[in-house]
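First the structure, in the form of structure tokens, and then the observations on it.
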Amino acid sequence: MLRIEAKALADARDQAELVAAIAAAAQVGVFEALRAGPASAAEVAGRAGLDARATRVVLAFLADAGVLDFAEGRYRPAPGARAALCDPEAPGYAAGGLPHWLGRLRDFTQLGEVLRSGVPARAPDAVRDQEGLRRFAAAMAAAPRARVERIVELCLSRNPGARSALDVGGGPGHMSRVFVERGLRTTLLDTPETVAFVGREYGLSEVAGLDLVGADFLEDPLPPGPYDVVLISNVLHIYGPEENQALLRKAAAASGPGGLVAIVDFVGGRSPRASRFALLMLLGTERGDAWSEADYRAWLDHAGFTDVRVDDVDADRQMVSGVRRGR
Ligand SMILES: C[S@@+](CC[C@H](N)C(=O)[O-])C[C@H]1O[C@@H](n2cnc3c(N)ncnc32)[C@H](O)[C@@H]1O
């Protein structure tokens, strides 16, 4: 049983402040600056182009908290924090997603207002400037490789002969790349500004076997395909029932006979993170939610999919998949 007591609340608040400071440091390049070797606060400020006083205060705090080691006037990452904060190649690297989380934290400061008005705390997810795109794409691309492979594996186990895939709302292309590696001709569809950004910054324009389509799937049709797999991963939580049903009808039109639609998301009532995720969608979208298995089943049935199955992708996320009924 959870007990909310003054001491536990104070500890949680302290932890939140620490993680916010780590995220802000990641956002402005403090850990990147420390990758070049131990440095004084003034040197870190110089390397990352930061204010000297602010850098001194934040680094001293991070050292007191055990995130950094401080010796002979120089800071370096503490051994226990190095992989998560300073090594983008490490499996446990987490700093890439923290700046995006910081934006979420800002949304939380608006929750009282959202409770009064029902209006989200910020512009919907699909509307982003270049800096927003950079942070968002980095957070998406930080998805663990094992999760991405499991998703692709589940799709291929459901449709073993698949030769083509459509990755709807594919973001930085981490799923698309694995489909291509597995020999599927793949199309990544995302908003025109996202596609322009990831094509350039994530080298997706150069990937042989990958086609990029910039479109708004609410307004525009999906590419005709037909595709053997239509993946809609971490997308339907952004929208309400009408938009999701319309998108699934478009997915059915883009699927070949026996084609698979695979929805990856936090399924309400099944994922232990679903209610937390629904809160994020309340803050950041107009109609988004962590939809339930019953919602997905009803939408898939109406859109023309059958043989619906729910698989756990990992501890938090599920894949709801269905096969296109014969035409
Ligand atoms: C949360 S990300 C998911 C990225 C990736 N599929 C994954 O699972 O990590 C949602 C993606 O959907 C895209 N998206 C949202 N609304 C869209 C729309 N109306 N048309 C096209 N793309 C959209 C966003 O730009 C974003 O890249």
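Zone of ALA246 (label point 7 Å along Cα→Cβ, backbone N under 14 Å): which residues in segment 273-316? Once the point is set 7 Å along Cα→Cβ of ALA246, 287 turn out to lie under 14 Å by backbone N, inside segment 273-316. Accessible surface for the chain, divided over its residues, is 49 Å² per residue with a 1.4 Å probe. Let me make sure I get this right: for segment 55-200, a, b and c are the square roots of the gyration tensor eigenvalues over alpha carbons, sorted descending. Under 1.5 in a/c it's rounded, otherwise prolate if a/b > b/c, else oblate. Which is it? Note, shape of segment 55-200 comes out oblate.
Extending 7 Å from Cα along the Cβ direction at ASP129 and again at GLU201 yields two label points whose distance is 1.3 nm. Rolling a 1.4 Å probe over the protein heavy atoms of segment 159-277, with every protein chain left in place, gives an accessible area that is 50 percent carbon and sulfur.
In a fully extended conformation the segment linking ASP307 and ALA52 would gain 85.7 nm over its present Cα-Cα distance, using 0.36 nm per residue. Rounded to the nearest whole Hz, the Karplus-based 3J(HN,Hα) values (6.51 cos²θ - 1.76 cosθ + 1.60, θ = phi - 60°) of segment 310-326 follow the sequence 10, 10, 7, 7, 8, 5, 10, 10, 10, 10, 9, 10, x, 9, 4, 4, x, with x at glycine and proline. Assuming R0 = 22 Å, can you tell me the calculated FRET efficiency for the pair ARG276 and ALA78, based on Cβ-Cβ distance, to the nearest 0.05? Given R0 = 22 Å and the Cβ-Cβ separation, E is 0.20. Contact order, relative form, for the chain: 12 percent (alpha carbon pairs under 8 Å, 6 or more residues apart, mean separation divided by residue count).
Taking a virtual spin label 7 Å from the Cα of LEU115 along the C-beta vector, which residues in segment 1-21 bring their backbone nitrogen under 17 Å of it? From segment 1-21, the list is 4. Compared with the alpha-carbon gap, the fully stretched path from ALA16 to GLU149 is longer by 44.7 nm at 0.36 nm per residue. What is the distance in Å between the Cα centres of segment 89-162 and segment 199-222? What the calculation gives is 18 Å, centre to centre. For segment 182-250, the list of GluC sites (Glu not before Pro) that fall in a loop by DSSP and count at most 12 other C-beta atoms within 10 angstrom reads GLU219. With R₀ set to 45 Å, the beta-carbon distance separating ALA42 from GLU5 gives a calculated FRET efficiency near 0.60.
The values are calculated or read from the model by the stated rules, or taken from the named source; none is laboratory data. Bear in mind that the values here come from a model prediction, so they are computed numbers and not experimental data. All Cβ positions, even for glycine, are placed from backbone atoms using ideal geometry, and neighbour counts span all protein chains on display. Protein only, heavy atoms only, side chains kept; ligands, DNA and RNA dropped before computing areas. Shrake-Rupley method; radii C 1.70, N 1.55, O 1.52, S 1.80 Å.
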